[in-house]
Amino acid sequence: KRLDLEKNMRYATTNSCQEFEVYYQPIVDISRPGDPCSGAEALIRWNSEAMGMISPSEFIPLAEYLGLINPIGSFVLKEACRRCKYWNDMGHPEYHVNVNLSVVQLLQNDIVEQIAEVISETGINPKNLTLEVTESLAINDMNRMKKILADIKKLGVRVALDDFGTGYSSLNHIREMPIDVIKIDRCFIIDIGKDEFSTAFVKMVAELAQTIGVHVCVEGVETKEQVDALKQTKIQLIQGFYFGKPLHKEEFDEKYL
Ligand code: C2E
Ligand code: MG
Ligand code: MG
């Protein structure tokens, strides 16, 4: 299966990424009346002609290992920026788009130039682009990571720390890294309001974020109970099936434009 995946992924990537598609999941602002949409996260989908629908958690790690994440990631970035510019031009100048950047992409020597080029090519307002990075082992080279993120931020782009609270996360990263948004992982939301640790963790991150002037987005909100519990905290942004699943671009436009 792995060999098949590899063969088909190489084919799909050289074939101008036609089998890949970008979906958009709304991010809502619960600090404003009516919980309006504030933008979306771009999430890749691979509809392989040979293998059917393959989820990103299945193919992204292999794409990283094979180095194919660079062309795939460029495709997603350009698509998402183009889409966001369209939303902005269609009466939602405040909508922003979040794009996941693998650490493999971040460590390319010309990543800052690549991002600058996509911004100028698509005409997106850079402040409407948020790049999501995760805390991988590579973050251990803190000085290098800080320099790359600082250079990216000079373009006017925002940076989010994805899946916070899992993996290699450390509170020191929040302090040291030039980030604008902390995305709290879904695992802390599952029993928010019921489990004391999860509730306290979310409150603590919200409090800390407010002190250092960073936004917080909570991922994986599925129920009204979770939303109600989150409204008791200082959380501003929510993403999850309760408000909307990742949607095909046309479906997203139909619902949110
Ligand atoms: P992520 O960046 O943390 O994205 C959020 C994931 O949580 C998405 O899964 C989304 O569909 C899912 N999700 C959102 N709300 C809910 C909810 O209420 N309940 C549940 N159960 N799940 C929810 P998805 O689309 O399968 O993506 C999985 C991961 O794959 C992403 O996690 C991200 O790490 C990676 N990924 C997706 N697209 C890209 C991409 O273009 N580039 C890179 N490098 N990674 C990507
Ligand atoms: Mg993400
Ligand atoms: Mg996440």
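The values are calculated or read from the model by the stated rules, or taken from the named source; none is laboratory data. All values derive from a computational prediction rather than experimental measurement. Quick reminder, even Gly has a Cβ in these numbers, built from the backbone with ideal geometry, and neighbours come from all protein chains shown. To get the accessible areas, we keep the full protein, side chains included, count just its heavy atoms, and leave off ligands, DNA and RNA. Shrake-Rupley method; radii C 1.70, N 1.55, O 1.52, S 1.80 Å.
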Find the all-direction average of the projected area of the Cα convex hull for the stretch 97-169, expressing the result in square nanometres with one decimal place. 4.6
Accessible area per residue, 1.4 Å probe, Å², for the stretch 177-257: what's the number? 51
Give me, ordered by chain and number, the residues 5 or more places off GLU41 or on other chains with an amide H under 5 Å from its own placed amide H. GLN25, ILE27, ASN98
Charges only on Cβ, +1 for Lys and Arg, -1 for Asp and Glu: so what's the dipole of the stretch 176-229 about the Cα centre, in debye to the nearest 20? 80
If all Cα-Cα distances of the chain are sorted into 5 Å bins from 0 onward, what percent lands in each bin, rounded to whole numbers? 1, 6, 13, 17, 18, 18, 14, 8, 3, 1, 0
Could you state the per residue volume, in Å³, of the convex hull enclosing the Cα atoms of the stretch 1-102? 108
Please grab the % of Cα pairs in the stretch 133-257 that end up more than 21 Å from each other. 45
Taking the alpha-carbon centre of each part, the distance from the stretch 96-132 to the stretch 18-73 in Å is 15
Write down the Kirkwood hydrodynamic radius of the stretch 60-151, to one decimal in angstroms, obtained as one divided by the mean of 1/r over all alpha carbon pairs. 13.9
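Could you work out the relative contact order of the chain, using alpha carbon pairs under 8 angstrom and six or more residues apart, expressed as a whole percent?
Answer for the chain is 19 percent.
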CD proxy at 222 nm, helix term only [per DSSP H run n ≥ 4: -39500 (n - 2.57); per residue of the chain; nearest 500]: -13500 deg cm²/dmol
Carbon and sulfur: what percent of the stretch 1-126's accessible surface (1.4 Å probe)? 52
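Calculate what fraction, in whole %, of the accessible area of the stretch 191-232 sits on carbon and sulfur atoms when a 1.4 Å probe is rolled over the protein chains.
Within the stretch 191-232, the accessible surface is 52 percent carbon and sulfur.
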Cα-Cα longer than 20 Å, checked against LYS203/LYS245; LYS127/LYS153; LYS85/LYS127, kept in input order, equals LYS203/LYS245
Projecting each Cα onto the charge dipole of the chain (Lys/Arg +1, Asp/Glu -1 at the beta carbon, about the Cα centre), which of PRO36, THR122, ILE212 comes out farthest on the positive side? ILE212
Any idea of the accessible area per residue across the stretch 117-169, 1.4 Å probe, to the nearest Å²? 45
Note, the stretch 63-79: 3J(HN,Hα) by Karplus (6.51, -1.76, 1.60, θ = phi - 60°), whole Hz, Gly/Pro = x, goes 4, 5, 4, 8, x, 6, 5, 5, x, 5, x, 4, 4, 4, 4, 5, 4
Probe 1.4 Å, protein heavy atoms only - accessible area per residue of the stretch 1-80 in square angstrom: 47
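Based on Cβ point charges of +1 for Lys and Arg and -1 for Asp and Glu, what charge dipole magnitude is obtained for the chain about its Cα centre, in debye rounded to the nearest 20?
420
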Karplus ³J(HN,Hα) for the stretch 96-103 (6.51 cos²θ - 1.76 cosθ + 1.60, θ = phi - 60°; Hz, whole; x = Gly/Pro) runs 10, 10, 9, 10, 6, 10, 6, 4
Could you give the radius of gyration (one decimal) and Dmax (whole number) of the Cα atoms in the stretch 42-99, in Å? 13.8, 40
